[in-house]
Amino acid sequence: MAAPFTLTAHEASGLLASRQLSARELLESVQERIAQVEGEVHAYINLTPEVAIAQAEAVDEARASGSPLHPLAGIPIALKDILCTKGLPTTCGSRMLEHWAPPYDATVIDWMKRAGMVFVGKANMDEFAMGSSTENSAFGPSRNPWDLERVPGGSSGGSAAAVAADCCTVAVGSDTGGSIRQPAAFCGVVGLKPTYGRVSRYGLVAFASSLDQIGPLTKDVTDCALLLNLLAGPDPLDSTCMDRPVPDYMQALRVDVRDLRVGVPREYFEYEGVRVEEAVSRAVWEAVRLLESMGARVSETSLPHSRYIIPTYYLIAPAEASSNLARYDGVAYGYRTERAVADIVDMYRKTRDEGFGAEVKRRIMLGTYALSAGYYDAFYQKASQVRTLMRRDFARAFEQFDVLITPTTPTPAFRMGEKVADPIQMYLSDVCTIAANLAGIPAISLPAGRVGGLPLGVQIIGKAWDEETVLRVAYTLEQAGGWSGRQAIALAEVEGRRAVVKAAAGGG
Amino acid sequence: MRINTEEVDHVALLARLELTEEERVRFTEQLNSILEHFQALSEVDTGGVPPTFHVVDATNVLRADEVGPSLSPSQALSGAPDRVDDTFRVPRVVE
């Protein structure tokens, strides 16, 4: 048997069920892997070994006693540190919440506990999920396992890096403008943002409430479906989480696209101010040709308002964030300034000055400005109207097509420090992923080969509530194209790069 | 449309942020650059287009008015930086 830490969840699940592997052994293997590479990758803000061991032992005991178990029982998971975990620090990558432990669990955390999943730790992220590189974490950046001089993407960069480096079996992240899919692409793993309202946001620390959605980051598409089966479903504690039936997403995993119509929106290859790298375009077109060769009907299409993606998103998301983050005022929970204060407003301002990092302040400023008297109509209202036009673009496209296929990111992972000083350049790295959030529709990124040793991602965007078709196309590409995240990891002995995947493969 | 440092100060007050001199200058510059980039929106004809504030169709999601489990006062206060008994303590707001 391969080292247990390399296994996918569906492989491990089979071995656990047949008692060839115990949950405790699987966890210990993952923990050994973490001990080996975490110093380089820094995928986690906090590891939770005591909790994990107790959870793994409980699963092994339940199995020994013959209790029926969930397919994900005993599977080690990395939790983006934006999900509330009762009694365990939940920092959101911020000094503001450094010492805060929530008094309740997020709904998805509660469901994972019931399923017997094993919590390896809380994964690193950009502060309050604002960023595209994890360089905005107050606790230091994560590094891309494929090249330690490069970013893993963000904001769920720790989750993606943990999956890519085998420091967990699966991970969960959140996606407001691409925060699952962009790091998945950069790290060569699978990442899905479900339809808005598919997964409960209760206990997800709010960034932009009309855009945020929780989703899986996994080694392959099968694990993605397996974890979505657990995450999806109505929750009375989140009134935007819709009461719709949850299909068995594993049933969607078929290598068959013969009945499908696939659109390729041309704006995703030529966004003003962004150079979509040749290798990225080529990877997408290879995927398109593959689907065509398997019987899908393919044609180019247009989403005409795509050129307004960045301004629309970077007005709406900060506006919502400026309101959501008003709660961090040093009163109810979290950090409070220790400096002397003149009055309560002074206390608020000093607390927020010390507790928030630069990007969070910048977005609060931008959002407050966009909502302020005299500017609301020109900025927030206008962006919200353009959002409607973008939704109409998608509605029109989905009259003709079942899915759209695009790059996930214009380039592979960029260098650490490369975009920190230029917010616009950083924002532009999300240009391919944002529209799915604005429209509330599902989108997946899956590995599509590599350029110069770095992974590339292809994105498949589907109709609202049609994760099944998105997963089916992704599964077909993975199986027919030989692009599974696992194979990519196995192929990681690359061009003299300092890469964790390489070090481990070489026995280091 | 350009934003100056006085406006940045005003927005910082609204946002309950205190900026250092260095941040005032940098944010003024960066916000201008961002807003300049965002001027592209003004060219879009949005006449008669309703805004999207939310993508779900649901309105007024209601539940039965029944008491369910909730946090105790001590749990709810467990993360408070300063408290007295079952209350949050803040700097004096009334004289």
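The values are calculated or read from the model by the stated rules, or taken from the named source; none is laboratory data. Predicted, not measured: the structure shown is a model, and the values here were computed from it. No Cβ is skipped: glycine too gets one built from the backbone with ideal geometry, and neighbour counts run over all protein chains shown.
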| field | Search result, residues across segment B:74-95 that are in a loop (DSSP other than H, G, I, E, B) and either exposed (fewer than 10 other Cβ atoms within 10 Å of the Cβ) or of a type in the set (D, E, K, R) (or both) | value | B:Asp82, B:Asp85, B:Asp86, B:Arg89, B:Arg92, B:Val93, B:Val94, B:Glu95
| Given the conditions (1) assigned to a loop (DSSP other than H, G, I, E, B); (2) in contact with a Phe, Trp or Tyr (Cβ under 7 Å, 6 or more places away or on another chain), and given that A:Gly158 satisfies all but one, which numbered condition is not satisfied? | (1)
| message | Filter segment A:236-259 down to the residues that are within 11 Å of chain B (Cβ to nearest Cβ) and of a type outside the set (Gly, Ala, Ser) and list them by number. | response | A:Pro236, A:Leu237, A:Asp238, A:Thr240, A:Cys241, A:Met242, A:Asp243, A:Arg244
| message | Within segment A:315-335, take every residue that is facing chain B (nearest Cβ under 7 Å) and part of a helix (DSSP H, G or I) and give me the one that is surrounded by the fewest Cβ atoms within 10 Å (Cβ to Cβ). | response | A:Ser322
| request: Just need a number here: residues in segment A:280-314 that are of a type outside the set (Ser, Thr, Tyr), without any contact (Cβ under 8 Å) to a residue 40 or more places away in the chain and assigned to a helix (DSSP H, G or I). | output: 4
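Find the residue count for segment B:13-22, including only residues that are part of a helix (DSSP H, G or I) and facing chain A (nearest Cβ under 7 Å).
Pass one, segment B:13-22, residues part of a helix (DSSP H, G or I): B:13-14, B:21-22.
Among the residues that remain, those that are also facing chain A (nearest Cβ under 7 Å) are: B:14.
The total comes to 1.
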| request: Evaluate segment A:100-111: report whether one residue or more is in contact with a Ser or Thr (Cβ under 9 Å, 6 or more places away or on another chain), modelled with pLDDT of 95 or more and at positive phi. | output: no
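Filter segment A:336-352 for residues that are in contact with a helix residue (DSSP H, G or I) (Cβ under 6 Å, 6 or more places away or on another chain) and either at the interface with chain B (Cβ under 7 Å from one of its Cβ atoms) or among the polar types (S, T, N, Q) (or both) and give the result.
First pass over segment A:336-352, keeping only residues in contact with a helix residue (DSSP H, G or I) (Cβ under 6 Å, 6 or more places away or on another chain): A:336-337, A:339, A:341.
Passing the criteria: A:Arg336, A:Thr337, A:Val341.
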| request: Check whether at least one residue in segment A:16-27 is touching a helix residue (DSSP H, G or I) at 6+ places or on another chain (Cβ under 6 Å), at pLDDT 95 or above and of a type in the set (Lys, Arg), and report yes or no. | output: yes
| Any idea which of (1) within 24 Å of A:Ser142 (Cα to Cα); (2) touching a helix residue (DSSP H, G or I) at 6+ places or on another chain (Cβ under 8 Å) is the one A:Asn437 doesn't satisfy? | (1)
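On the given criteria, is A:Ala474 within 14 Å of chain B (Cβ to nearest Cβ) and either in contact (Cβ under 8 Å) with a residue 24 or more places away in the chain or not acidic (Asp, Glu) (or both)? So that I can check it myself, show each step before the final result.
Values: within 14 Å of chain B (Cβ to nearest Cβ): no; either in contact (Cβ under 8 Å) with a residue 24 or more places away in the chain or not acidic (Asp, Glu) (or both): yes.
No, not satisfied.
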| request: State whether one or more residues within segment A:387-398 are surrounded by fewer than 22 Cβ atoms within 10 Å (Cβ to Cβ), at pLDDT 95 or above, over 25 Å from the mean Cα position of the chain (by Cα) and of a type in the set (Phe, Trp, Tyr). | output: no
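Does A:Arg362 qualify as being at the interface with another protein chain (Cβ under 7 Å from one of its Cβ atoms), among the basic types (Lys, Arg) and part of a helix (DSSP H, G or I)?
Numbers: at the interface with another protein chain (Cβ under 7 Å from one of its Cβ atoms): yes; among the basic types (Lys, Arg): yes; part of a helix (DSSP H, G or I): yes.
Answer is yes for this residue.
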| remark: A careful count of residues in segment A:371-386 that are small (Gly, Ala, Ser), modelled with pLDDT under 95 and in a helix (DSSP H, G or I) gives 1
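Taking the residues in segment B:33-56 that are surrounded by 12 or more Cβ atoms within 10 Å (Cβ to Cβ) and more than 23 Å from the chain's Cα centre (by Cα) as candidates, determine which candidate is farthest from the other protein chains (Cβ to nearest Cβ). Outline the logic, then answer.
Let us first name the residues in segment B:33-56 that are surrounded by 12 or more Cβ atoms within 10 Å (Cβ to Cβ), namely B:33-38, B:40-42, B:44, B:46, B:49, B:51-56.
Going one step further and asking which of them are more than 23 Å from the chain's Cα centre (by Cα), we end up with B:40, B:42, B:44, B:46, B:49.
On the way: B:Ala40: 6, B:Ser42: 7, B:Val44: 5, B:Thr46: 4, B:Val49: 4 Å.
Only one residue tops the list, namely B:Ser42.
Has segment B:60-73 got any residue that is facing another protein chain (nearest Cβ under 7 Å) and surrounded by 15 or more Cβ atoms within 10 Å (Cβ to Cβ)?
Here is the first cut: in segment B:60-73, the ones facing another protein chain (nearest Cβ under 7 Å) are B:61, B:63, B:71.
Then drop every residue that is not surrounded by 15 or more Cβ atoms within 10 Å (Cβ to Cβ), which leaves none.
Scanning segment B:60-73, I find no residue that is facing another protein chain (nearest Cβ under 7 Å) and surrounded by 15 or more Cβ atoms within 10 Å (Cβ to Cβ), so the answer is no.
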| Any pair with Cβ under 8 angstrom, 6 or more apart, that starts in segment A:182-195 at a residue that is closer than 17 Å to A:Gly131 by Cα and ends at one that is surrounded by 24 or more Cβ atoms within 10 Å (Cβ to Cβ) and of a type in the set (Phe, Trp, Tyr) | A:Cys187/A:Trp146
| remark: Of the residues in segment A:97-130, those that are farther than 14 Å from A:Lys80 by Cα, part of a loop (DSSP other than H, G, I, E, B) and in contact with a helix residue (DSSP H, G or I) (Cβ under 6 Å, 6 or more places away or on another chain) number 2
